[in-house]
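Worksheet: one structure, shown below.
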Amino acid sequence: MNDGSDGRTPSGWMRALGMIGAVFMIGYGTRGLVRNDLHVSLSKSSDPGVHLHGALAWLCFAGMVTMAIGLWRLLAPEFGNGEFDFDARRRKFGPIFVIGLGLYVAAQAIAGLRS
């Protein structure tokens, strides 16, 4: 673990993978918006997902960007003192991620109701 943490703080590699995931999320969403066909899923198993177009794609993309910002701010190294207080960051940036997740899920729920 990191800096004598209590086991809940992610390692440097996990933080780097999370930040790469945040960048990928924005890139994937941008690609879907450019094509006007954003394919997303709430489940990684048997659910085929849903293709979003127009306003629902934009709503889902807004959720993806908000989640990516929250994830990046949670995991990115802080400039200055060099300390990484995961609990303080979770309290500060966790709600940003949760709001993005809500938008992401809402877009898919609305699409599911329309079909």
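Filtering region 57-95 to residues that are among the aliphatic types (A, V, I, L, M) and under 20 Å from L42 (Cβ atoms) leaves A57, L59, A62, M64, V65, M67, A68, L71. Being surrounded by 14 or more Cβ atoms within 10 Å (Cβ to Cβ) and in contact with a strand residue (DSSP E or B) (Cβ under 8 Å, 6 or more places away or on another chain) is true of F61. The set of residues in region 46-55 being in contact (Cβ under 8 Å) with a residue 12 or more places away in the chain, over 10 Å from G32 (Cα atoms) and surrounded by fewer than 20 Cβ atoms within 10 Å (Cβ to Cβ) consists of G54 alone.
Close contacts from region 88-115, counting a first residue that is more than 16 Å from H39 (Cβ to Cβ) and a second that is modelled with pLDDT under 95 and surrounded by fewer than 18 Cβ atoms within 10 Å (Cβ to Cβ), with Cβ to Cβ under 6 Å and a gap of 6+ residues or different chains, come to F93/R73.
Of all residues in region 45-68, exactly one satisfies the criterion of being assigned to a helix (DSSP H, G or I) and touching a His at 6+ places or on another chain (Cβ under 9 Å), namely A57.
I'd like to know if region 25-38 contains one or more residues that are modelled with pLDDT under 90 and among the charged types (D, E, K, R). Can you show your working first?
From region 25-38, those modelled with pLDDT under 90 are none; that's our starting set.
No: region 25-38 contains no residue that is modelled with pLDDT under 90 and among the charged types (D, E, K, R).
Could you go through region 69-79 and let me know if any residue there is farther than 16 Å from V23 by Cα, outside any helix (DSSP H, G or I) and at pLDDT below 90.
Step one: filter region 69-79 for residues farther than 16 Å from V23 by Cα, giving 78-79.
With the extra rule that they be outside any helix (DSSP H, G or I), the set shrinks to 78-79.
Narrowing the set further to residues that are at pLDDT below 90 leaves 78-79.
Among the residues of region 69-79, at least one is farther than 16 Å from V23 by Cα, outside any helix (DSSP H, G or I) and at pLDDT below 90, which makes the answer yes.
Quick one: G63 ticks every box in (1) under 19 Å from P10 (Cβ atoms); (2) in contact with a Phe, Trp or Tyr (Cβ under 7 Å, 6 or more places away or on another chain) bar one, so which box is it? G63 satisfies every listed condition except (1). For region 65-115, the candidate set comprises residues that are among the aromatic types (F, W, Y) and surrounded by fewer than 18 Cβ atoms within 10 Å (Cβ to Cβ); within that set, the residue that is nearest to the chain's Cα centre (by Cα) is F86.
If you go through region 15-44 and keep only what is touching a residue at least 60 places away in the same chain (Cβ under 8 Å) and either part of a helix (DSSP H, G or I) or within 12 Å of the chain's Cα centre (by Cα) (or both), you end up with just R15.
The values are calculated or read from the model by the stated rules, or taken from the named source; none is laboratory data. Treat the numbers as computed from the prediction; the structure is a model and nothing was measured. Here the Cβ is made from the backbone with ideal geometry for all residues, glycine too, and neighbour counts use every protein chain on show.
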